[in-house]
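The values are calculated or read from the model by the stated rules, or taken from the named source; none is laboratory data. Given the structure is predicted, the values throughout are model-derived calculations rather than measurements. Glycine also receives a Cβ, built like all others from the backbone with ideal geometry; neighbour counts cover every protein chain displayed.
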Amino acid sequence: MIDAIAELFSEVITFIYSFVPNFGATIIILTVIVKLITFPLNNKQIQTTRRMQKLQPEMKKIQNKYKDDKQKQNQAMSEFMKENKMNPLAGCLPLIVQFPILIGIFRILREPDHFLNMEEINRYLFQSAEFIDLMAIPNIGFDNFISQISIYYLFPLIAGGTTFLYSRMSMPAESSQKMMVYLMPAMITVFSFSFPVGLVIYWTMNNIFSIGQHKFINFLDSKKDDKEKEVKSVVKEEEIEEKMEADQEAKKAPSKESKAKEDEKKVKKAKKEKETDFFKVGTEKEEEKKAEAGGKGGGTAAAQDGKTKKKKKGKGKK
């Protein structure tokens with residue numbers, strides 16, 4: 001299995017070297033290819049880390065609530081992660097994928113003659129000067145440590161330093177795995193003294209690209225968060241303005257009690273006017289009746305006067 005992986009990557013290295021005849025540059029290009037392949041996994045890891053950081057206060061509350069009962073704490077934490085669709089193993093996936101690649105490259109650089117045509121490949125980082133053999137292993141000699149210090153010791157230290165930076169960046173704040181921020185870089189530094197320099201360069205470049213990817217995704221997410229905050233602030237300002245306008249209109253508009261009193265006054269006024277009109281109409285009808293009655297009385301008296309006059313005239317003739 002490991003030999004098959006080594007054979008595969010030896011073909012990739014040979015192909016890249018045919019276009020870029022520098023073994024150090026070939027390893028860096030190989031790192032870029034691997035980063036592109038594992039980009040979705042790394043992206044998921046970064047997103048998980050960001051979500052963990054945002055949900056950390058809630059997780060802290062759960063831990064404090066069940067601090068005396070670890071079983072209930074673990075159960076509550078598991079349910080909380082399910083509700084928020086969080087996978088604690090998502091952060092380990094990129095490393096799991098990288099592991100067989102690291103083993104394959106380690107085998108290639110440890111036994112280059114078995115996997116590569118070393119007659120065509122220059123094994124030095126700076127080929128013309130034949131400086132820094134990428135197949136060499138730093139190997140600290142503790143007996144004469146100071147006298148044996150060489151440029152090769154810088155590579156494990158740089159590998160450990162970049163591992164620390166990336167671990168610190170990718171590890172959620174106040175995580176239970178916070179110890180790994182310090183333990184992992186220390187392990188990488190120690191192990192790198194037993195690895196070929198080429199493999200240490202691969203690991204270092206992988207860390208550098210991971211840091212760049214992490215910063216880039218965080219930048220995009222922060223821009224997205226800023227836009228969401230801006231939209232929320234605009235909406236909030238509009239709501240405040242609408243509320244202020246509503247309050248001003250409410251102040252200008254009469255209150256319910258005053259409006260009810262005004263309506264009551266209007267009803268009373270209308271009722272009074274109606275009663276007044278009714279009274280006027282009744283009075284007018286009475287006056288009309290009296291006038292009619294007076295008219296009839298006047299006519300009768302005239303008729304009687306006429307009859308009296310006729311009688312008088314008749315008597316005169318006799």
*Answer yes if at least one residue in the range 173-183 is assigned by TED's automatic domain parsing to the domain that holds Leu125 and surrounded by 19 or more Cβ atoms within 10 Å (Cβ to Cβ), and no otherwise.*
no
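The rows are residues; the columns are (1) part of a helix (DSSP H, G or I); (2) at pLDDT 75 or above; (3) outside the structural domain of Ile201 (by TED's automatic domain parsing).
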residue	(1), (2), (3)
Tyr17	yes, yes, no
Pro57	yes, yes, no
Ile62	yes, yes, no
Gly91	no, no, no
Gln98	yes, no, no
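Okay, residues lined up against (1) in contact (Cβ under 8 Å) with a residue 60 or more places away in the chain; (2) under 30 Å from Ile151 (Cα atoms); (3) surrounded by fewer than 19 Cβ atoms within 10 Å (Cβ to Cβ):
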residue: Ile188; (1), (2), (3): no, yes, no
residue: Phe191; (1), (2), (3): no, yes, yes
residue: Met205; (1), (2), (3): yes, yes, no
residue: Ile211; (1), (2), (3): no, yes, yes
residue: Ile217; (1), (2), (3): yes, no, yes
residue: Leu220; (1), (2), (3): no, no, yes
residue: Lys223; (1), (2), (3): no, no, yes
residue: Glu230; (1), (2), (3): no, no, yes
residue: Val235; (1), (2), (3): no, no, yes
*Determine, yes or no, whether Phe80 is in a helix (DSSP H, G or I) and closer than 18 Å to Glu7 by Cβ.*
no
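Mind telling me which of the residues Val235, Val200 ends up being β-branched (Val, Ile, Thr), under 31 Å from the mean Cα position of the chain (by Cα) and either in a helix (DSSP H, G or I) or modelled with pLDDT under 80 (or both)?
Values: Val200 fails: under 31 Å from the mean Cα position of the chain (by Cα).
Every option except Val235 fails the conditions.
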*What do you reckon, is Glu257 at pLDDT below 75, farther than 30 Å from Ile137 by Cβ and surrounded by fewer than 10 Cβ atoms within 10 Å (Cβ to Cβ)?*
yes
*Assuming Lys67 fulfils every condition listed in (1) over 30 Å from Glu130 (Cβ atoms); (2) among the basic types (Lys, Arg); (3) not in a loop (DSSP other than H, G, I, E, B) apart from one, which condition is it?*
(3)
*Taking into account only those residues within the range 104-141 that are of a type outside the set (Gly, Ala, Ser), crowded, with 16+ Cβ neighbours inside 10 Å and part of a helix (DSSP H, G or I), which is nearest to the chain's Cα centre (by Cα)?*
Ile105
*When you scan the range 10-46, how many residues do you find that are aromatic (Phe, Trp, Tyr) and buried (at least 20 other Cβ atoms within 10 Å of the Cβ)?*
2
*If you check every pair at least six apart or on different chains, which have Cβ atoms under 6 Å apart with a residue in the range 15-29 that is without any contact (Cβ under 8 Å) to a residue 12 or more places away in the chain and more than 17 Å from Phe126 (Cβ to Cβ) first and a residue that is among the basic types (Lys, Arg) and outside any helix (DSSP H, G or I) second?*
none
